[in-house]
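The values are calculated or read from the model by the stated rules, or taken from the named source; none is laboratory data. Because the structure is predicted, anything quoted here is derived from the model rather than measured. Virtual Cβ from ideal backbone geometry, glycine too; neighbours counted across all protein chains shown. In case anyone asks, the SASA skips ligands and DNA or RNA and just uses the protein heavy atoms, side chains included. Shrake-Rupley method; radii C 1.70, N 1.55, O 1.52, S 1.80 Å.
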Amino acid sequence: MKLMVTGGCGFIGSNFILRMLESYPDVRIVNLDLLTYAGNLENLQDAKKYGQRHIFVRGDITDMDLVDSLLQDGPDAVINFAAESHVDRSIMDSSAFVRTNVLGTQVLLDACRRHGVKRFVQISTDEVYGSLGSEGVFTEMNPLAPNSPYAASKAAADLLVRSYHKTFGMDVLITRCSNNYGPFQFPEKLIPLMITNAVCDSRLPVYGDGLNVRDWIHVQDHCRAIDLVLRKGSSGEVYNIGAENEVPNLEIVRHILKRLEKPESLIKFVKDRPGHDRRYAMDASKLRTELGWKPRIDFQTGMDETVLWYLEHEEWWRRIKSGQYMTYYEEWYADR
Ligand code: NAD
Ligand code: DAU
């Protein structure tokens, strides 16, 4: 099987590539990634042992000529992970989000159509459904009601993908997953941000009252679900992915502090994120019943391993946190 993975140097894409190379000796992957601030080739050190089965191409998914040239070879499927993925950055400036997440998806869809790529899998998010109150869960039937510029750009991409199925009969699938955690997550996101700040005895900035709820899933469980959808999903369908694991933010932060034996006085309640979604909860029963998926990594174990991973990979995140990251961090958190 020949695959083109976009955004394969980011958090989920790199976990997915390593998993696919390891699980299927016949899989060959072209990985198209722009290496934005969030992309890191170090995430794919372990891919070196697979030689030419993994080929990295630095480039932009909005670059039609480049995408065309890469698809000449006719991969069996394209899996689109490439995105601007951080909600806070989309509040600061949404232009790159519209460009990559919307225009980039359209460029990929058109190129796949031209070159007769058999399957297109769009990696989307539960955030396209908006926010829940204290009750209920998101099913695939929920209307799209995105609240952040990030979520809006992902919803726009989902609608484009859907339209290419309806209009051109393209074989497309959309996965919508809840919050991921695990190795290689960029330390702007809640869990790695809190772990790395706690290690440095820096403040842990908790938005609002800290009672917003996210539905956490280990990145490996997400990647297994994508693999199943890619191989067995029904064309034109949307699959929710989630592990039924709702946790308020403050509980996560306290858990991390306890695990690292750091004081709760490091917590700093800060000004809330504008438009902050209160609660996400996913109903993934379609994926469970149709494709037989279920999560394998329980949250306690997954978190213990994740904290340990960040402790053992200090060089990885310290390099990130010493660069332009700090400019972003100071700008975003300055008046919070
Ligand atoms: P990430 O920010 O860690 O990685 C994104 C990758 O895309 C980076 O390697 C970056 O260099 C690359 N990229 C950005 N713009 C590009 C462009 N124009 N051309 C080519 N490459 C480009 O993101 P992530 O957390 O790994 O998320 C991957 C996908 O999964 C995204 O589409 C995101 O919306 C979706 N998702 C993420 C989560 C989560 O919890 N992180 C949950 C559900 C869905
Ligand atoms: O739900 C899936 C989405 O999860 C993905 O589509 C996004 O790409 C991914 O970034 C993530 O979005 P969130 O906004 O939920 O993740 P983040 O880690 O930024 O925040 C998680 C929660 O923690 C959220 O309620 C905001 C809060 N938070 C976050 C940061 C960065 C804080 O309280 N303080 C912080 O400093």
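Structure notes:
- The convex hull defined by the C-alpha atoms of the chain has an orientation-averaged projected area of 15.7 nm².
- Counting DSSP beta bridges with both ends in the stretch 59-209, the antiparallel % (nearest 5): 0
- Look at the dipole of the stretch 219-279 built from charges on Cβ: of I241, V229, S265, the Cα furthest out on the positive end belongs to S265.
- Counting heavy atoms of the protein chains alone, S163 has an accessible area of about 40 Å² for a 1.4 Å probe.
- Sites S23 and D335, calculated FRET efficiency, Cβ-Cβ separation with R0 35 Å, nearest 0.05: 0.15
- Gain in span if fully extended, D209 to R113, counting 0.36 nm per residue against the direct Cα distance: 29.9 nm
- Placing D215, D272 in order of accessible area, with the largest value first and a 1.4 Å probe, yields D272, D215.
- Surface accessible to a 1.4 Å probe, per residue, for the residues of the chain, Å²: 42
- Ranking by accessible area, most exposed first, for D335, D283 with a 1.4 Å probe: D335, D283
- Inter-label distance, nm, simple model (7 Å from Cα along the C-beta direction), C200/K48: 2.7
- Probe 1.4 Å, all protein chains present, accessible-area order of R203, R279, largest first: R203, R279
- The shape of the stretch 234-290 can be summarised by an equivalent ellipsoid whose semi-axes, obtained from the alpha carbon gyration tensor, come to 34, 16, 8 Å from longest to shortest.
- Within the assembled protein chains, the solvent-accessible surface assigned to C112 is about 0 Å², based on a 1.4 Å probe.
- Dipole size of the stretch 78-168 about its Cα centre, with +1 on Lys/Arg Cβ and -1 on Asp/Glu Cβ: approximately 600 debye, rounded to the nearest 20.
- Take the Cα of E315, step 7 Å toward its Cβ, do the same at V57, and the gap between the two points is 3.1 nm.
- Per-bin percent of Cα-Cα distances, the stretch 150-303 [5 Å]: 2, 8, 16, 18, 18, 14, 10, 7, 4, 2, 1, 0
- Normalised by 2.2 N^0.38 Å, where N is the number of residues, the C-alpha radius of gyration of the stretch 1-103 stands at 1.07.
- Residue separation of K258 and S163 scaled by 0.36 nm, minus their Cα-Cα distance, works out to 29.4 nm of gained length.
- Within straight-line cross-link reach of K118, lysines at Cα separation under 26 Å, skipping those fewer than 8 residues along the same chain: K2, K154, K166, K232, K286
- Each of A156, P295, V87 was scored by the projection of its Cα onto the charge dipole of the chain, and the greatest displacement toward the positive side belongs to P295; charges sit on the C-beta of Lys, Arg, Asp and Glu.
- In this Cβ point-charge picture (+1 for Lys and Arg, -1 for Asp and Glu), the chain has a dipole of about 440 debye about its Cα centre.
- Residue among V199, M141, Y50 farthest towards the positive dipole end of the chain, charges placed on Cβ: Y50
- Computed with a 1.4 Å probe over protein heavy atoms only, the accessible area of H218 comes to about 10 Å².
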